[in-house]
Amino acid sequence: MVLSEVQVALASNLGWSKLFVATLGLVLVVYKLAALVLKRKHLIRHTKAFPGPPPHFLFGNVHEFKGDGTEMDRMVAWGKQYPYAYTMWLGPSFCALNVHHPDFMKTLLSSSEPKDEMRYGFLESWIGKGLLLSEGKRWFRHRRLLTPGFHYDILKPYIKLTAESTEVMLDKWQKYAHTGKSFELFEHVSLMTLDTILKCAFNCRSNCQTEGSTNAYIKAVYELSFLSSKRSRTFFYHNDLIFNLSPHGFRYRNACKVAHSHTEEVIRKRREALKDDTKKQSTQSKRHLDFLDILLSAKDEHQHSLSDADIRAEVDTFMFEGHDTTASGLSFILYSLACHPEHQNKCRDEILTALEGKDTMEWDDLSKIPYTTMCIKESLRLYPPVPGISRTLTKPMTFVDGRTLPAGFVVTAAIYSVHRNETVWENPNEFNPLRFLPENVSKRSPHAFVPFAAGPRNCIGQNFAMNELKVAVALTLKRYQLMADPTFKPKILPRLVLRSLNGIHIRIKPVDGNQ
(Lines give C-alpha, C1' and ligand atoms only; values in the text may rest on other atoms or scores of the structure.)
Protein backbone atom coordinates (compact mmCIF):
# COMPACT_ATOMS: atom_id res chain seq x y z
CA MET A 1 0.00 0.00 0.00
CA VAL A 2 2.80 2.41 0.94
CA LEU A 3 4.71 1.49 -2.22
CA SER A 4 1.61 2.19 -4.31
CA GLU A 5 1.23 5.63 -2.77
CA VAL A 6 4.90 6.41 -3.46
CA GLN A 7 4.48 5.36 -7.09
CA VAL A 8 1.41 7.59 -7.43
CA ALA A 9 3.31 10.48 -5.92
CA LEU A 10 6.28 9.95 -8.24
CA ALA A 11 4.00 9.70 -11.25
CA SER A 12 2.26 12.89 -10.19
CA ASN A 13 5.58 14.71 -9.74
CA LEU A 14 6.79 13.41 -13.11
CA GLY A 15 3.63 14.68 -14.72
CA TRP A 16 4.09 18.10 -13.14
CA SER A 17 7.73 18.13 -14.29
CA LYS A 18 6.74 17.42 -17.87
CA LEU A 19 4.07 20.10 -17.71
CA PHE A 20 6.60 22.58 -16.28
CA VAL A 21 9.13 21.83 -19.04
CA ALA A 22 6.46 22.09 -21.72
CA THR A 23 5.19 25.38 -20.28
CA LEU A 24 8.71 26.75 -20.02
CA GLY A 25 9.40 25.75 -23.64
CA LEU A 26 6.18 27.43 -24.77
CA VAL A 27 7.07 30.61 -22.86
CA LEU A 28 10.52 30.68 -24.48
CA VAL A 29 9.03 30.20 -27.96
CA VAL A 30 6.48 32.97 -27.35
CA TYR A 31 9.25 35.22 -25.99
CA LYS A 32 11.46 34.60 -29.02
CA LEU A 33 8.57 35.25 -31.41
CA ALA A 34 7.61 38.43 -29.57
CA ALA A 35 11.23 39.62 -29.67
CA LEU A 36 11.40 38.84 -33.39
CA VAL A 37 8.16 40.74 -34.09
CA LEU A 38 9.34 43.75 -32.05
CA LYS A 39 12.73 43.77 -33.81
CA ARG A 40 11.00 43.57 -37.19
CA LYS A 41 8.73 46.51 -36.30
CA HIS A 42 11.79 48.48 -35.18
CA LEU A 43 13.55 47.80 -38.49
CA ILE A 44 10.48 48.70 -40.55
CA ARG A 45 9.93 51.92 -38.61
CA HIS A 46 13.50 53.14 -39.09
CA THR A 47 13.81 52.18 -42.76
CA LYS A 48 10.62 53.83 -44.04
CA ALA A 49 12.73 56.44 -45.82
CA PHE A 50 14.52 53.68 -47.73
CA PRO A 51 12.00 51.60 -49.70
CA GLY A 52 13.06 48.34 -51.29
CA PRO A 53 11.67 45.20 -52.91
CA PRO A 54 8.75 43.79 -50.88
CA PRO A 55 10.00 41.03 -48.56
CA HIS A 56 8.43 37.70 -47.66
CA PHE A 57 7.64 37.68 -43.91
CA LEU A 58 9.77 34.61 -43.17
CA PHE A 59 12.40 34.54 -45.93
CA GLY A 60 12.75 38.24 -46.65
CA ASN A 61 14.15 38.74 -50.16
CA VAL A 62 16.44 35.71 -50.04
CA HIS A 63 13.81 33.44 -51.58
CA GLU A 64 14.19 35.45 -54.80
CA PHE A 65 17.82 34.35 -55.05
CA LYS A 66 17.71 30.96 -56.74
CA GLY A 67 21.45 30.34 -56.84
CA ASP A 68 21.22 30.09 -60.63
CA GLY A 69 23.58 32.91 -61.56
CA THR A 70 20.92 35.65 -61.83
CA GLU A 71 21.31 37.14 -58.34
CA MET A 72 23.60 40.01 -59.29
CA ASP A 73 21.40 40.96 -62.25
CA ARG A 74 18.43 41.09 -59.89
CA MET A 75 20.28 43.41 -57.51
CA VAL A 76 21.30 45.70 -60.38
CA ALA A 77 17.64 45.76 -61.48
CA TRP A 78 16.55 46.71 -57.96
CA GLY A 79 19.12 49.49 -58.09
CA LYS A 80 17.38 50.93 -61.15
CA GLN A 81 14.04 50.77 -59.36
CA TYR A 82 15.30 52.29 -56.10
CA PRO A 83 17.85 55.05 -56.81
CA TYR A 84 20.87 55.48 -54.52
CA ALA A 85 19.92 52.78 -51.98
CA TYR A 86 17.30 50.18 -51.03
CA THR A 87 16.57 47.88 -48.11
CA MET A 88 16.99 44.13 -48.51
CA TRP A 89 15.76 41.59 -45.97
CA LEU A 90 17.63 38.39 -45.10
CA GLY A 91 15.07 36.46 -43.08
CA PRO A 92 12.34 37.93 -40.86
CA SER A 93 14.50 40.07 -38.57
CA PHE A 94 17.61 41.14 -40.44
CA CYS A 95 17.55 44.07 -42.82
CA ALA A 96 20.47 45.75 -44.59
CA LEU A 97 20.61 48.94 -46.61
CA ASN A 98 22.26 48.36 -50.00
CA VAL A 99 23.91 51.53 -51.35
CA HIS A 100 24.76 51.59 -55.05
CA HIS A 101 25.58 55.20 -55.95
CA PRO A 102 28.99 56.94 -55.57
CA ASP A 103 27.57 59.69 -53.36
CA PHE A 104 26.21 57.15 -50.88
CA MET A 105 29.35 54.99 -51.21
CA LYS A 106 31.48 57.99 -50.27
CA THR A 107 29.53 58.54 -47.04
CA LEU A 108 29.85 54.90 -46.03
CA LEU A 109 33.43 54.17 -47.11
CA SER A 110 34.80 57.45 -45.74
CA SER A 111 33.75 56.33 -42.28
CA SER A 112 35.69 53.91 -40.10
CA GLU A 113 32.62 51.92 -39.09
CA PRO A 114 33.34 48.25 -38.28
CA LYS A 115 32.53 45.32 -40.53
CA ASP A 116 29.08 43.77 -40.17
CA GLU A 117 29.25 41.18 -37.39
CA MET A 118 26.44 39.05 -38.80
CA ARG A 119 28.14 38.41 -42.14
CA TYR A 120 31.80 38.74 -41.32
CA GLY A 121 31.48 37.28 -37.84
CA PHE A 122 30.98 33.86 -39.39
CA LEU A 123 34.56 34.09 -40.73
CA GLU A 124 36.18 34.70 -37.36
CA SER A 125 36.63 31.03 -36.45
CA TRP A 126 38.52 30.67 -39.73
CA ILE A 127 40.63 33.81 -40.20
CA GLY A 128 40.51 35.26 -36.69
CA LYS A 129 40.63 38.94 -35.80
CA GLY A 130 43.03 40.01 -38.51
CA LEU A 131 42.81 43.27 -40.46
CA LEU A 132 39.62 42.20 -42.21
CA LEU A 133 37.62 41.59 -39.02
CA SER A 134 39.29 43.69 -36.33
CA GLU A 135 38.07 47.16 -35.40
CA GLY A 136 38.86 50.21 -33.32
CA LYS A 137 42.27 50.50 -31.67
CA ARG A 138 43.19 46.91 -32.51
CA TRP A 139 42.56 47.48 -36.22
CA PHE A 140 44.45 50.79 -36.19
CA ARG A 141 47.47 49.21 -34.43
CA HIS A 142 47.63 46.25 -36.81
CA ARG A 143 47.16 48.42 -39.88
CA ARG A 144 50.06 50.64 -38.82
CA LEU A 145 52.31 47.68 -38.03
CA LEU A 146 51.57 45.90 -41.32
CA THR A 147 51.75 48.89 -43.68
CA PRO A 148 55.58 48.65 -44.06
CA GLY A 149 55.03 45.18 -45.55
CA PHE A 150 53.54 46.81 -48.65
CA HIS A 151 56.21 49.44 -49.31
CA TYR A 152 57.38 49.39 -52.93
CA ASP A 153 60.86 48.27 -51.84
CA ILE A 154 59.21 45.16 -50.37
CA LEU A 155 57.00 44.66 -53.44
CA LYS A 156 59.79 44.91 -56.04
CA PRO A 157 61.23 41.38 -55.64
CA TYR A 158 57.72 39.94 -55.84
CA ILE A 159 57.55 40.65 -59.57
CA LYS A 160 60.09 37.95 -60.37
CA LEU A 161 58.39 35.46 -58.05
CA THR A 162 54.96 36.19 -59.54
CA ALA A 163 56.41 35.65 -63.01
CA GLU A 164 57.83 32.28 -61.93
CA SER A 165 54.47 31.10 -60.63
CA THR A 166 52.69 32.37 -63.73
CA GLU A 167 55.07 30.49 -66.01
CA VAL A 168 54.37 27.24 -64.14
CA MET A 169 50.66 27.74 -64.84
CA LEU A 170 51.26 28.63 -68.50
CA ASP A 171 53.47 25.56 -68.96
CA LYS A 172 50.59 23.42 -67.70
CA TRP A 173 48.34 25.03 -70.30
CA GLN A 174 50.45 23.64 -73.15
CA LYS A 175 48.22 20.55 -73.16
CA TYR A 176 45.23 22.73 -74.10
CA ALA A 177 47.02 24.90 -76.67
CA HIS A 178 46.63 22.58 -79.68
CA THR A 179 43.34 20.83 -78.89
CA GLY A 180 40.90 23.67 -79.57
CA LYS A 181 38.95 22.55 -76.50
CA SER A 182 37.98 24.88 -73.69
CA PHE A 183 39.10 24.44 -70.10
CA GLU A 184 38.08 25.87 -66.75
CA LEU A 185 40.28 28.74 -65.57
CA PHE A 186 39.53 29.35 -61.92
CA GLU A 187 41.16 26.28 -60.41
CA HIS A 188 44.39 26.83 -62.38
CA VAL A 189 44.49 30.52 -61.49
CA SER A 190 43.68 29.88 -57.83
CA LEU A 191 46.59 27.47 -57.52
CA MET A 192 48.86 29.98 -59.22
CA THR A 193 47.86 32.85 -56.91
CA LEU A 194 48.30 30.61 -53.87
CA ASP A 195 51.75 29.62 -55.14
CA THR A 196 52.53 33.33 -55.60
CA ILE A 197 51.38 34.41 -52.15
CA LEU A 198 53.32 31.59 -50.52
CA LYS A 199 56.51 32.59 -52.35
CA CYS A 200 56.15 36.34 -51.98
CA ALA A 201 54.67 36.83 -48.54
CA PHE A 202 56.00 33.75 -46.75
CA ASN A 203 59.07 32.67 -48.74
CA CYS A 204 57.51 29.23 -48.94
CA ARG A 205 57.96 27.19 -52.10
CA SER A 206 55.18 24.64 -52.43
CA ASN A 207 54.12 22.15 -55.06
CA CYS A 208 50.52 23.31 -55.00
CA GLN A 209 50.36 23.93 -58.76
CA THR A 210 51.53 20.43 -59.62
CA GLU A 211 49.46 18.81 -56.87
CA GLY A 212 46.39 20.49 -58.35
CA SER A 213 42.99 19.70 -56.86
CA THR A 214 44.58 17.31 -54.36
CA ASN A 215 46.08 20.26 -52.47
CA ALA A 216 44.46 20.06 -49.03
CA TYR A 217 44.67 23.79 -48.32
CA ILE A 218 43.01 24.78 -51.59
CA LYS A 219 40.21 22.30 -50.97
CA ALA A 220 39.78 23.65 -47.44
CA VAL A 221 39.58 27.27 -48.65
CA TYR A 222 36.97 26.33 -51.28
CA GLU A 223 34.98 24.54 -48.59
CA LEU A 224 35.23 27.38 -46.08
CA SER A 225 34.28 30.01 -48.67
CA PHE A 226 31.21 28.03 -49.72
CA LEU A 227 30.07 27.20 -46.19
CA SER A 228 30.64 30.72 -44.81
CA SER A 229 28.57 32.16 -47.64
CA LYS A 230 25.86 29.52 -47.20
CA ARG A 231 25.66 30.24 -43.49
CA SER A 232 25.27 33.99 -43.96
CA ARG A 233 22.43 33.39 -46.43
CA THR A 234 20.61 30.72 -44.40
CA PHE A 235 18.64 32.35 -41.59
CA PHE A 236 18.52 29.29 -39.30
CA TYR A 237 22.30 28.82 -39.61
CA HIS A 238 22.82 32.19 -37.92
CA ASN A 239 22.29 30.29 -34.68
CA ASP A 240 25.61 28.79 -33.56
CA LEU A 241 24.04 25.68 -32.04
CA ILE A 242 21.98 24.81 -35.13
CA PHE A 243 24.92 25.39 -37.47
CA ASN A 244 27.40 23.46 -35.31
CA LEU A 245 25.07 20.45 -35.11
CA SER A 246 24.41 20.45 -38.85
CA PRO A 247 26.41 18.49 -41.46
CA HIS A 248 27.58 21.83 -42.85
CA GLY A 249 28.94 22.80 -39.43
CA PHE A 250 30.84 19.52 -39.22
CA ARG A 251 32.39 20.12 -42.66
CA TYR A 252 33.27 23.69 -41.67
CA ARG A 253 35.15 22.60 -38.53
CA ASN A 254 37.12 19.98 -40.43
CA ALA A 255 38.09 22.49 -43.12
CA CYS A 256 39.15 24.99 -40.43
CA LYS A 257 41.50 22.41 -38.94
CA VAL A 258 43.16 21.88 -42.33
CA ALA A 259 43.52 25.62 -43.00
CA HIS A 260 44.89 26.37 -39.53
CA SER A 261 47.31 23.46 -39.73
CA HIS A 262 48.64 24.86 -43.01
CA THR A 263 49.08 28.33 -41.51
CA GLU A 264 50.76 27.05 -38.37
CA GLU A 265 53.20 25.04 -40.48
CA VAL A 266 54.17 28.14 -42.48
CA ILE A 267 54.76 30.12 -39.28
CA ARG A 268 56.62 27.25 -37.59
CA LYS A 269 59.07 26.87 -40.47
CA ARG A 270 59.84 30.58 -40.45
CA ARG A 271 60.39 30.66 -36.71
CA GLU A 272 62.86 27.81 -37.08
CA ALA A 273 64.66 29.65 -39.86
CA LEU A 274 64.94 32.75 -37.65
CA LYS A 275 65.76 30.90 -34.44
CA ASP A 276 69.04 32.68 -33.75
CA ASP A 277 70.50 35.96 -34.88
CA THR A 278 73.26 34.38 -36.92
CA LYS A 279 70.88 32.23 -38.88
CA LYS A 280 68.52 35.19 -39.28
CA GLN A 281 71.18 37.40 -40.85
CA SER A 282 72.35 34.55 -43.07
CA THR A 283 68.82 33.75 -44.21
CA GLN A 284 67.80 37.35 -44.90
CA SER A 285 70.95 37.98 -46.91
CA LYS A 286 69.87 35.26 -49.32
CA ARG A 287 66.25 36.27 -49.81
CA HIS A 288 63.87 39.20 -49.86
CA LEU A 289 62.23 40.63 -46.74
CA ASP A 290 58.61 39.46 -46.79
CA PHE A 291 55.24 39.91 -45.12
CA LEU A 292 55.93 37.23 -42.49
CA ASP A 293 59.22 38.90 -41.56
CA ILE A 294 57.27 42.12 -40.97
CA LEU A 295 54.73 40.27 -38.81
CA LEU A 296 57.33 38.51 -36.69
CA SER A 297 59.46 41.59 -36.14
CA ALA A 298 56.74 44.27 -35.86
CA LYS A 299 56.70 46.31 -32.63
CA ASP A 300 54.47 49.20 -31.65
CA GLU A 301 55.53 52.41 -29.89
CA HIS A 302 55.60 50.51 -26.59
CA GLN A 303 57.89 47.85 -28.10
CA HIS A 304 55.10 45.27 -27.91
CA SER A 305 55.11 42.56 -30.58
CA LEU A 306 52.10 40.85 -32.11
CA SER A 307 50.93 37.81 -30.16
CA ASP A 308 51.01 34.32 -31.68
CA ALA A 309 47.22 34.52 -32.10
CA ASP A 310 47.55 37.90 -33.85
CA ILE A 311 50.20 36.55 -36.22
CA ARG A 312 48.13 33.51 -37.14
CA ALA A 313 45.06 35.68 -37.73
CA GLU A 314 46.97 38.01 -40.05
CA VAL A 315 48.57 35.10 -41.92
CA ASP A 316 45.19 33.35 -42.32
CA THR A 317 43.61 36.61 -43.48
CA PHE A 318 46.35 37.46 -45.96
CA MET A 319 46.61 33.88 -47.20
CA PHE A 320 42.90 33.89 -48.03
CA GLU A 321 42.51 37.47 -49.25
CA GLY A 322 45.85 37.46 -51.02
CA HIS A 323 45.03 34.54 -53.28
CA ASP A 324 41.25 33.99 -53.54
CA THR A 325 40.30 37.57 -54.45
CA THR A 326 43.18 37.83 -56.94
CA ALA A 327 42.20 34.49 -58.46
CA SER A 328 38.68 35.75 -59.04
CA GLY A 329 39.91 39.02 -60.55
CA LEU A 330 42.47 37.38 -62.86
CA SER A 331 40.08 34.67 -64.05
CA PHE A 332 37.49 37.21 -65.13
CA ILE A 333 40.17 39.46 -66.70
CA LEU A 334 41.39 36.63 -68.92
CA TYR A 335 37.79 35.72 -69.73
CA SER A 336 37.01 39.35 -70.65
CA LEU A 337 40.03 39.53 -72.97
CA ALA A 338 39.03 36.23 -74.56
CA CYS A 339 35.62 37.73 -75.31
CA HIS A 340 37.10 40.92 -76.80
CA PRO A 341 39.93 39.96 -79.19
CA GLU A 342 40.33 43.52 -80.49
CA HIS A 343 41.32 44.73 -77.01
CA GLN A 344 43.36 41.61 -76.39
CA ASN A 345 45.43 42.24 -79.53
CA LYS A 346 46.11 45.85 -78.51
CA CYS A 347 47.28 44.63 -75.11
CA ARG A 348 49.56 42.02 -76.67
CA ASP A 349 51.17 44.54 -79.02
CA GLU A 350 51.75 46.89 -76.09
CA ILE A 351 53.21 44.11 -73.93
CA LEU A 352 55.60 42.87 -76.62
CA THR A 353 56.81 46.43 -77.19
CA ALA A 354 57.33 46.97 -73.46
CA LEU A 355 59.26 43.72 -72.99
CA GLU A 356 61.57 44.41 -75.95
CA GLY A 357 62.27 40.71 -76.52
CA LYS A 358 62.62 39.76 -72.84
CA ASP A 359 61.03 36.55 -71.63
CA THR A 360 59.66 37.94 -68.37
CA MET A 361 58.32 41.06 -66.66
CA GLU A 362 60.40 43.32 -64.44
CA TRP A 363 59.45 46.11 -62.05
CA ASP A 364 60.09 48.91 -64.53
CA ASP A 365 57.87 47.22 -67.13
CA LEU A 366 54.73 47.64 -65.01
CA SER A 367 54.41 51.31 -65.97
CA LYS A 368 54.87 50.61 -69.70
CA ILE A 369 51.51 48.89 -70.30
CA PRO A 370 48.82 51.58 -69.77
CA TYR A 371 46.29 50.09 -72.20
CA THR A 372 46.60 46.66 -70.57
CA THR A 373 46.12 48.33 -67.20
CA MET A 374 42.93 49.99 -68.45
CA CYS A 375 41.64 46.60 -69.63
CA ILE A 376 42.40 45.12 -66.21
CA LYS A 377 40.49 47.93 -64.52
CA GLU A 378 37.54 47.58 -66.89
CA SER A 379 37.26 43.89 -66.05
CA LEU A 380 37.51 44.69 -62.33
CA ARG A 381 34.64 47.11 -62.88
CA LEU A 382 32.45 44.49 -64.54
CA TYR A 383 33.57 41.65 -62.28
CA PRO A 384 34.77 43.07 -58.94
CA PRO A 385 36.39 40.22 -56.94
CA VAL A 386 34.57 41.36 -53.80
CA PRO A 387 31.00 42.16 -54.95
CA GLY A 388 30.00 43.92 -51.72
CA ILE A 389 31.16 44.83 -48.21
CA SER A 390 29.04 45.52 -45.14
CA ARG A 391 29.46 47.81 -42.15
CA THR A 392 27.51 48.11 -38.89
CA LEU A 393 26.71 51.67 -37.85
CA THR A 394 27.91 52.65 -34.38
CA LYS A 395 26.27 56.06 -34.75
CA PRO A 396 23.60 57.57 -37.01
CA MET A 397 24.65 58.06 -40.63
CA THR A 398 23.18 60.83 -42.77
CA PHE A 399 23.54 60.47 -46.52
CA VAL A 400 23.94 63.16 -49.15
CA ASP A 401 20.19 63.49 -49.78
CA GLY A 402 19.43 64.05 -46.08
CA ARG A 403 18.08 60.61 -45.29
CA THR A 404 19.42 59.15 -42.04
CA LEU A 405 19.83 55.65 -40.71
CA PRO A 406 20.25 55.16 -36.94
CA ALA A 407 23.03 53.32 -35.13
CA GLY A 408 22.84 49.53 -35.11
CA PHE A 409 21.87 49.15 -38.75
CA VAL A 410 23.89 47.32 -41.38
CA VAL A 411 24.83 49.14 -44.59
CA THR A 412 26.24 47.27 -47.58
CA ALA A 413 28.42 48.90 -50.23
CA ALA A 414 27.07 47.09 -53.29
CA ILE A 415 30.26 47.30 -55.36
CA TYR A 416 28.97 45.15 -58.23
CA SER A 417 25.88 47.34 -58.53
CA VAL A 418 27.66 50.72 -58.36
CA HIS A 419 30.05 49.49 -61.08
CA ARG A 420 27.04 48.84 -63.33
CA ASN A 421 24.96 51.86 -62.33
CA GLU A 422 23.68 53.35 -65.59
CA THR A 423 23.44 56.84 -64.07
CA VAL A 424 27.22 56.72 -63.56
CA TRP A 425 28.48 54.59 -66.46
CA GLU A 426 27.32 54.95 -70.05
CA ASN A 427 26.37 51.52 -71.45
CA PRO A 428 27.49 49.93 -68.17
CA ASN A 429 27.46 46.32 -69.42
CA GLU A 430 29.78 47.09 -72.33
CA PHE A 431 33.51 46.31 -72.05
CA ASN A 432 35.16 49.65 -72.77
CA PRO A 433 38.65 50.17 -71.29
CA LEU A 434 38.75 53.78 -72.54
CA ARG A 435 36.59 54.65 -69.53
CA PHE A 436 39.90 54.64 -67.64
CA LEU A 437 41.70 57.21 -69.75
CA PRO A 438 42.89 59.93 -67.35
CA GLU A 439 40.56 62.53 -68.87
CA ASN A 440 37.55 60.22 -68.38
CA VAL A 441 38.52 59.21 -64.86
CA SER A 442 38.77 62.88 -63.83
CA LYS A 443 35.08 63.38 -64.71
CA ARG A 444 33.84 60.65 -62.35
CA SER A 445 33.54 60.37 -58.62
CA PRO A 446 36.46 58.40 -57.14
CA HIS A 447 33.78 56.28 -55.44
CA ALA A 448 32.33 55.12 -58.76
CA PHE A 449 35.12 52.52 -59.13
CA VAL A 450 36.00 50.79 -55.87
CA PRO A 451 37.19 47.20 -56.49
CA PHE A 452 39.56 47.56 -53.52
CA ALA A 453 37.07 49.57 -51.43
CA ALA A 454 38.09 53.12 -50.41
CA GLY A 455 38.66 55.29 -47.39
CA PRO A 456 40.51 54.32 -44.19
CA ARG A 457 39.59 50.63 -44.48
CA ASN A 458 40.60 50.16 -48.11
CA CYS A 459 42.52 47.06 -49.18
CA ILE A 460 46.06 47.24 -47.78
CA GLY A 461 47.30 44.84 -50.47
CA GLN A 462 45.84 46.54 -53.55
CA ASN A 463 49.24 47.50 -55.03
CA PHE A 464 50.46 43.93 -54.56
CA ALA A 465 47.29 42.64 -56.26
CA MET A 466 47.48 45.05 -59.20
CA ASN A 467 51.16 44.19 -59.79
CA GLU A 468 50.33 40.49 -59.76
CA LEU A 469 47.47 41.00 -62.22
CA LYS A 470 49.67 42.99 -64.61
CA VAL A 471 52.44 40.38 -64.58
CA ALA A 472 50.09 37.43 -65.03
CA VAL A 473 48.09 39.08 -67.84
CA ALA A 474 51.24 40.22 -69.67
CA LEU A 475 52.94 36.83 -69.60
CA THR A 476 49.73 35.03 -70.55
CA LEU A 477 49.09 37.22 -73.58
CA LYS A 478 52.74 36.94 -74.62
CA ARG A 479 52.37 33.16 -74.95
CA TYR A 480 48.73 32.52 -75.80
CA GLN A 481 45.85 33.87 -77.78
CA LEU A 482 42.68 33.62 -75.68
CA MET A 483 39.34 32.72 -77.23
CA ALA A 484 35.87 32.59 -75.72
CA ASP A 485 33.76 29.45 -75.60
CA PRO A 486 30.17 30.61 -76.32
CA THR A 487 28.76 27.41 -74.79
CA PHE A 488 30.10 28.40 -71.36
CA LYS A 489 28.89 31.84 -70.34
CA PRO A 490 29.70 32.40 -66.63
CA LYS A 491 26.74 32.36 -64.25
CA ILE A 492 27.81 34.90 -61.65
CA LEU A 493 27.49 34.09 -57.96
CA PRO A 494 28.14 36.52 -55.07
CA ARG A 495 30.15 34.45 -52.61
CA LEU A 496 32.99 35.69 -50.40
CA VAL A 497 34.55 36.46 -53.77
CA LEU A 498 32.81 36.68 -57.13
CA ARG A 499 32.51 33.19 -58.58
CA SER A 500 30.80 31.44 -61.47
CA LEU A 501 28.30 28.64 -60.94
CA ASN A 502 29.46 26.84 -64.08
CA GLY A 503 33.12 27.85 -63.98
CA ILE A 504 35.04 30.26 -66.22
CA HIS A 505 36.05 28.65 -69.52
CA ILE A 506 38.30 29.77 -72.39
CA ARG A 507 40.15 28.22 -75.31
CA ILE A 508 43.76 29.03 -76.16
CA LYS A 509 46.28 28.68 -78.94
CA PRO A 510 49.96 29.64 -79.07
CA VAL A 511 50.93 33.11 -80.23
CA ASP A 512 53.13 32.95 -83.36
CA GLY A 513 56.69 32.17 -82.33
CA ASN A 514 55.55 30.30 -79.19
CA GLN A 515 54.66 27.00 -80.82
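The values are calculated or read from the model by the stated rules, or taken from the named source; none is laboratory data. Being a predicted model, the structure only gives us computed values, none of them experimental. Here the Cβ positions follow ideal geometry from the backbone for every residue, glycine too, while neighbour counts run over all protein chains shown. Protein only, heavy atoms only, side chains kept; ligands, DNA and RNA dropped before computing areas. Shrake-Rupley method; radii C 1.70, N 1.55, O 1.52, S 1.80 Å.
If only the Cβ of Lys and Arg carry +1 and only the Cβ of Asp and Glu carry -1, the dipole of the chain around its Cα centre is close to 1040 debye. Of the residues THR47, ALA34, PHE65, the one whose Cα sits farthest toward the positive end of the charge dipole of the range 24-112, with +1 on the Cβ of Lys and Arg and -1 on the Cβ of Asp and Glu, is ALA34. Ordering 130-137, 362-369 by mean Cβ neighbour count within 10 Å, with the highest value first, yields 130-137, 362-369. The fraction of accessible area contributed by carbon and sulfur in the range 408-454 is 52 percent, rounded to a whole number (1.4 Å probe; ligands and nucleic acids excluded).
An ellipsoid equivalent to the range 72-226, defined through the eigenvalues of its Cα gyration tensor, has semi-axes of 35, 24, 17 Å when rounded to whole angstrom and sorted largest first. When the P(r) of the chain is calculated, the portion above 40 Å amounts to 28% of the C-alpha pairs.
Ordering CYS375, LEU482, THR394 by the projection of their Cα atoms onto the charge dipole of the range 362-515, which places +1 on the Cβ of Lys and Arg and -1 on the Cβ of Asp and Glu, puts THR394 at the extreme positive end. Computed from label points 7 Å out along Cα-Cβ, the spacing between PHE59 and ARG143 is 3.9 nm.
By the rule of a C-alpha distance below 16 Å, with chain neighbours fewer than 8 residues away ignored, the aspartates and glutamates paired with LYS48 are ASP401. Extending 7 Å from the Cα toward the beta-carbon at both LYS80 and LEU24 defines two label points whose distance is 5.6 nm. Note that the range 366-453 presents 39 Å² accessible area per residue, ligands and nucleic acids not counted, probe 1.4 Å.
Using the Cβ of ALA255 as centre and a radius below 14 Å, the other residues enclosed give a net charge of +3, where K and R count +1 and D and E count -1. Reported to the nearest whole Å, the Cα centre-to-centre distance from the range 19-75 to the range 169-218 is 43. Within a straight-line Cα-Cα reach of under 20 Å, LYS137 can be paired with the following aspartates and glutamates, leaving aside sequence neighbours fewer than 8 residues apart in one chain: GLU113, ASP116, GLU117, GLU124, ASP300, GLU301, ASP308, ASP310, GLU314. Seen from all directions on average, the range 372-450 presents a Cα convex hull projection of 5.9 nm².
Magnitude of the charge dipole for the range 169-267, about its Cα centre and with charges confined to Cβ atoms of Lys, Arg (+1) and Asp, Glu (-1), is about 220 debye. Here's the list of lysines a cross-link from LYS368 could span, going by alpha-carbon distance under 18 Å and ignoring same-chain residues fewer than 8 apart: LYS156, LYS160, LYS346, LYS358, LYS377, LYS470, LYS478. The order of PHE318, PHE50 by accessible area, most exposed first and with a 1.4 Å probe, is PHE318, PHE50.
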